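Notes to accompany the following structure.
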Amino acid sequence: MKSINPDLQAHLDDGTTTLAWCWRIIRADGVTFGFTDHDRTLTFDGTNFEPESGLTASEVRSGSDLSVDAQDAEGVLTSDRITETDILDGRWDNAEVEVWRVNWAETSQRVLMRRGAIGQIRRGRLAFVAEVRSVAHVLGQTVGRTFQATCDAALGDARCGIDLENSAFRGIGGVIDLLRDRAFTASGLGSFTSGWFTFGTVEWTGGANVGRQAEIIAHDLTDGIAVLTLLEAPVRSIAGGDAFTIRAGCDKRIETCSAKFANTVNFRGFPHIPGQDAVLRYATKDGGHEGSVL
């Protein structure tokens, strides 16, 4: 049950109201934004809620079961607070959201309507629509381990135990030449064998993408020059001379864990789980059904 300020309750009981929606959004990088559908800036709790962003709220969709409640916030891409590049770059993904109902004539009269996170963002030529999901969406996430042949640990985390800052698994390089929007030749990686950084990550330390990370889908060597292909093209273009730190990747197989990392003691998969061929097998009279490995 929500606790409503007595002054706000009196304002609501009066019948003539001066109400506005306010959104406080806290991105994963710690930057806080305030938006409102009112026509002037509102301020409370140390946040300025600006009207220039043009956010407009839809109806709140909610239910009494455990389904995810949602509300849409529509805004314009021409705002200097919300740029299309930042949306494409993932800076707004899963940002924390507070939705307030505020008396714009007296901002001390307000009530927190819901908390949630930014979900799906649909983009158009002139506007975007951001889904504000309730905290119930966390209940739909996988909890615990998955019974699978491959490892479910993230390379370098506490369960894996590999130190990715070790010089054997980490390199520093720079872009020599752009081959395609997501492929380029790189300097400084000639001592690493082909494929060493496949499924690894590039962290940009220079250029337009500084501070961002990208996944590597392929690492090849051509005449001693490394050729890297990213899983997705960065929102901001890659240019010659862009510096980066690169870290090794893992395909999650126990063979790779042993040969590349000597880390089978920390392998977090089930490599001997029966495959699909076991499901398709059928009994035969001479099959030797004694329980041994097929």
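The values are calculated or read from the model by the stated rules, or taken from the named source; none is laboratory data. Remember, it's a predicted structure, so these values are computed and weren't measured experimentally. Cβ sites come from the backbone with ideal geometry, for glycine too, and all protein chains shown count toward neighbours. For the accessible areas, the whole protein counts, side chains as well, though only heavy atoms, and no ligand, DNA or RNA atoms are used. Shrake-Rupley method; radii C 1.70, N 1.55, O 1.52, S 1.80 Å.
Here are a few things to note about the model shown:
- Residue count for region 218-250 under the criterion of being under 14 Å from F184 (Cβ atoms), among the aliphatic types (A, V, I, L, M), within 20 Å of the chain's Cα centre (by Cα) and surrounded by 16 or more Cβ atoms within 10 Å (Cβ to Cβ): the result is 2.
- Taken across region 213-236, residues that are in contact with a helix residue (DSSP H, G or I) (Cβ under 9 Å, 6 or more places away or on another chain) and modelled with pLDDT under 95 do occur, with at least one present.
- Scanning region 81-117 for residues that are out of contact with any strand residue (DSSP E or B) (no Cβ under 9 Å at 6 or more places or on another chain) and either open to solvent by 40 Å² or more (accessible area, probe 1.4 Å) or part of a loop (DSSP other than H, G, I, E, B) (or both) gives T83, T85, D89, G90, R91, A105, E106.
- Some residue of region 58-80 being at pLDDT 75 or above and either outside any loop (DSSP other than H, G, I, E, B) or more than 30 Å from A208 (Cβ to Cβ) (or both): no
- For region 4-40, a residue qualifies if it is open to solvent by 20 Å² or more (accessible area, probe 1.4 Å), in contact (Cβ under 8 Å) with a residue 60 or more places away in the chain and not in a strand (DSSP E or B), and the qualifying residues are I4, N5, D7, H11, T17, T18, R27, A28, D29, H38, R40.
- In summary, R212 fulfils each of the numbered conditions (1) open to solvent by 50 Å² or more (accessible area, probe 1.4 Å); (2) within 29 Å of V265 (Cβ to Cβ); (3) out of contact with any Ser or Thr (no Cβ under 8 Å at 6 or more places or on another chain) with the single exception of condition (2).
- Applying the criterion of being surrounded by 12 or more Cβ atoms within 10 Å (Cβ to Cβ) and without any contact (Cβ under 8 Å) to a residue 12 or more places away in the chain to the residues of region 251-273, the residue that is nearest to T146 (Cα to Cα) is T264.
- Selection count where residues are in a loop (DSSP other than H, G, I, E, B) and of a type in the set (S, T, N, Q), scope region 197-228: 3
- Looking across region 163-203 at every residue that is out of contact with any Asp or Glu (no Cβ under 6 Å at 6 or more places or on another chain), in contact (Cβ under 8 Å) with a residue 40 or more places away in the chain and closer than 30 Å to Q276 by Cβ, the one that is most open to solvent (accessible area, probe 1.4 Å) is identified as T198.
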